[in-house]
Structure formats: structure tokens, C-alpha cells
1. Check whether at least one residue in the range 64-79 is over 20 Å from Pro209 (Cβ atoms) and aliphatic (A, V, I, L, M), and report yes or no.
2. Residues Leu320, Leu297: which one is at negative phi and in contact with an Asp or Glu (Cβ under 7 Å, 6 or more places away or on another chain)?
3. Pick from Ser171, Ser133: which is surrounded by fewer than 22 Cβ atoms within 10 Å (Cβ to Cβ), in contact with a helix residue (DSSP H, G or I) (Cβ under 9 Å, 6 or more places away or on another chain), in a strand (DSSP E or B) and of a type in the set (Ser, Thr, Tyr)?
4. Output yes when any residue across the range 223-230 is part of a loop (DSSP other than H, G, I, E, B), in contact (Cβ under 8 Å) with a residue 60 or more places away in the chain and farther than 26 Å from Pro347 by Cβ, and no when none is.
5. In the range 250-266, which residues are at pLDDT 90 or above and small (Gly, Ala, Ser)?
6. Taking the range 153-164, which residues are of a type in the set (Gly, Ala, Ser) and either closer than 19 Å to Ala38 by Cα or assigned by TED's automatic domain parsing to the domain that holds Thr221 (or both)?
7. Taking the residues in the range 58-93 that are farther than 25 Å from Leu344 by Cα and among the aliphatic types (A, V, I, L, M) as candidates, determine which candidate is surrounded by the most Cβ atoms within 10 Å (Cβ to Cβ).
Amino acid sequence: MTDPVIVVGAGPTGLLLAAELALAGVPTVVLDRDEAPAPHSPGQAVNAAVMDILDQRGLADELREAALPLPGAHFSLLWLRPEELPGPPAARGLLVPQSRLEAVLRRRAEELGVEIRRGTQVVDLGRFADSVSVRLRTADGEQLLRGSYVVGADGADSTVRELAGIGFPGSGWTVSGTVGDIEADFADLSVQHLGAHYMGSGGVYSGAPAGPATLRVITTTFAEDGSPGTPVSLDRFQADIEELTGRMLPARRLLWAERFTSVSGNAERYRLGRVLLAGDAAHSFYPLGGLRLSTCLQDAVNLGWKLAADLAGWAPPGLLDTYHAERHSEGERARLALDAQLALMHPAAGAAGIRALFGELTRLDQVNEYLVKLVTGTDVRYRVDDAGEIPGAADLLGHRLPGTAPLLRTGRGVLIAPSTRAHAAAGWADRVDTVDPTAAGTAPALLRPDGHVVWAEGAGDLERALKQWFGAPR
């Protein structure tokens, strides 16, 4: 294994994927067209699913140190009741700038030996039976880089996706707005300027602390208006804020602000030979409530161990193909969930009736539970064919198992089983760690490196599950 995996895009998805690959010993190069990390970023929150993913790799506590917990969960700004869900409390989401998350992921990737090349633009893509090549444009001219695989994690306007000829069908939703940081005294702010609000005009306003005396503000409309990335003046930003909230925000000064546009789309395929797509390059939709980011990072942890297994030579047949099989449907499900939330907002007059009815439905416990898990990304379940005979055990299959994040730090599989059963995994000791259920504090189960359960006591055959997900024993 000499040629590196080439990851295009140094955002959260690309950086987490690179760290996952490096954790498994895979040489990885990350390319990004920008000369330096963006000092600002639109994202202002991570949800419970993201915290669960980061906790698996020991990164969650660092984010918690300088962040505030999210006040709750909502569907189309209709507020839900996550505290009423049965079972142990899920990890809470955080108010934290995306730039902070990227810094944490970038440092982890570099600590693991990932090479990050900036100011490097991909202009052409070559595909071969056993490798790929990308032609790069840099300040020093063009060069060619050869790799084992290339992963496009380069955003909704992905160059890799375009060069590979992969379609990106969607719903036609186009959502625009302004995002920026405003310096202000929090004591002077009105209730309209804090939190997330759906406005009667059909727009969305969000204001959340992004640092001392710094408010991250996002205003949203439902039509394309201006070019993404275009700087916005304080007067223009204030006009947007006042139009939505009815009150001018008492700002000291504008730190930065720019226009953004979100489109709704899902790539036709996430894998085409040795070209793969992840994150916004694979699926894009309006970033409301953290679901877009959690869907992106779930791509990274799903793909990383499978790609590493393929390159290490122990992947069972078809393992890498399960990336598209599992994640394409989840990308589409998340996209449609956001389209549904937008439909409950716009046009305001037409949505009023269904919005009122939907608000009443959220008071039902089952509806509340379903929507909380959907919008926080914690309901992801992958198909496991061997379901077994005991319903309670079978219900675990495909889900993450609460409380197991500390067992997954190494990025390997984990068999939670007593010593009388642990010997069954001896042939997979190079891929699977064994832990006693008493020490784990949970029932016997086999976890993939991304934390999803593929075997539980009483649900299926352990040896079959080991072979299905971790290849032949050695």
C-alpha cells in the first residue's frame, strides 16, 4: 500500500475521514483550494449525533470545554421535547462555531500524520483499474498526484463529482440568507435577537453566542438573492435583521458577514470505481438544526474503516460497496427531512394550516420521539441481514449502542463478550478488540469500527457476523 488516499476538501468531512484513515495506518493526503482555513464559517451548532461520533474518537470533551449546550431540538422551528425520550439521555448538542470543530479535527489529522496541502486546485481526474490520478494547479504550476482512491469532500459544488460525471438531482429548493458575527452587549439584546425563530414573514432568524460579546446571526429567505460568499455591510445586515425581527439589533460593530445559498440535492451514486463522494459533495440541503453536519460526519466514519479494510486486504467481498448502500439512502432521507421542514415554512400563508396541525402532532409522545431522533441524527440504523429470534436483541442490530464510545477510541471493531465467548474472535484479533460485558456495562454485542451493532447475544450467529464484516480469520 504505497499510493495514498487523496481526500479533496479540508472541511469537517474531509478532515474526519482523513483522521479515520490515518488511525488505521492508511497514508492520506488532503487537498484544498483555499490558501488557509476560513477564519469564519456559517455553522454554529453540532447536534447529538455529531457529539456521539466525536466521543467515539475522544474528541468530544475538547469541544465541550468552550461551548454551550444546545437549548433543545426542533422540527421546522416547532420545538420538541428531547428530555422526555425513554432510555438514558443522549449526548447533548453544542453551540460551537464550525471553525472550532474544524480546528480540532485538523489537529487530530495532523497528529496522525495526514498531509494537508492548501492552495491546491484539482483540475482533472484520471481513473485506472488499480489507482487514480489528479492533476493539480498550484502557485508553482501544475503537477500530477497518484493515489489509490480519491474522495470528493469538496462541497456542494464538488469538482470531483463534476469530473467523475456523477449527477446531482434534487428538489429545486434554493435557500439564501446572510451569516455573520456581530459584536454586541448581550444585556442589550431583546428576546427576538437570541435563539432561533420562524418569522411570520416566512423567514428564519437565528442568534447565538459565538464568543465573548459576539453574536452569530443567520437570516434566511426562500429565494436566491446574491452570490454566495459576497460580503455584506452592517447596514444591509441590519436591514435583514429588522425586516425579520421587527427590531434593529444594538450592534457595536460588524466583525464579518457574507451571503450564503443552499441547494437541495443528492448524488446519483457515492461510489464510482475508485472515486467516492462524502459530505456536501454527496448530499446538500439547508443547514437547519445540525442535521446536515451530522449526515456529513456519519459519511466519514462509515467510509473510513471500510476503505482502510479494502487497502489492508482483509475486507470481505462487497464491503466497500456497502458505503453507497448505507449512506445514499441516509443522505436522501436527511435531504427530504429538510425539504419537509422548509415546506412547513414557505410560503408562509400557504404553510400556516399544516404548520399549526403539525405543531399539535408533535405533542404526541411517539411523534416527538420520532422527530427528535430524526433531527438529531441519532436514529441511523443500517441493515443487518441475520436478525435472529429474540426481538429485544434483534432491535439492537444496526444501531449504535449507548455508552460504548470509550471502547471505540482505536478505530477497530469491538466484541463485547464474556471470556467464554471472546475466544470466538481470536482469528480476528488484528481487527477486533474484546471487552468483558461487565467492564463495558452493556450486553454482549459486536460493534463495527463506526459503532454500529452487527451482532447481539441471541440475535444471529457471531462467527457469521465476524466474517461478514471483518473478513476471513487469520
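1. Narrowing the range 64-79 to residues over 20 Å from Pro209 (Cβ atoms): 75-76, 78.
So of that shortlist, the ones also aliphatic (A, V, I, L, M) come out as 78.
Yes, the range 64-79 contains a residue that is over 20 Å from Pro209 (Cβ atoms) and aliphatic (A, V, I, L, M).
2. Values: Leu297 fails: in contact with an Asp or Glu (Cβ under 7 Å, 6 or more places away or on another chain).
Among Leu320, Leu297, only Leu320 is at negative phi and in contact with an Asp or Glu (Cβ under 7 Å, 6 or more places away or on another chain).
3. Checking each option against the conditions leaves just Ser171.
4. Here is the first cut: in the range 223-230, the ones part of a loop (DSSP other than H, G, I, E, B) are 223-230.
This time we only want the ones that are in contact (Cβ under 8 Å) with a residue 60 or more places away in the chain, so: none.
The answer is no; no qualifying residue exists.
5. Ala251, Ala257, Ser264, Gly265
6. Correct list: Ala153, Gly155, Ala156, Ser158.
7. Ala91
Quick grid of which residues meet (1) touching a strand residue (DSSP E or B) at 6+ places or on another chain (Cβ under 9 Å); (2) outside the structural domain of Ala48 (by TED's automatic domain parsing); (3) in a helix (DSSP H, G or I):
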| position | (1), (2), (3) |
| --- | --- |
| Gly289 | yes, no, no |
| Thr295 | yes, no, yes |
| Pro317 | no, no, no |
| Arg327 | yes, no, yes |
| Arg333 | no, no, yes |
| Phe358 | yes, yes, yes |
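The values are calculated or read from the model by the stated rules, or taken from the named source; none is laboratory data. No experiment lies behind these values; they were computed from the predicted model shown. Neighbour counts run over all protein chains shown; Cβ positions are idealised from the backbone, glycine included.
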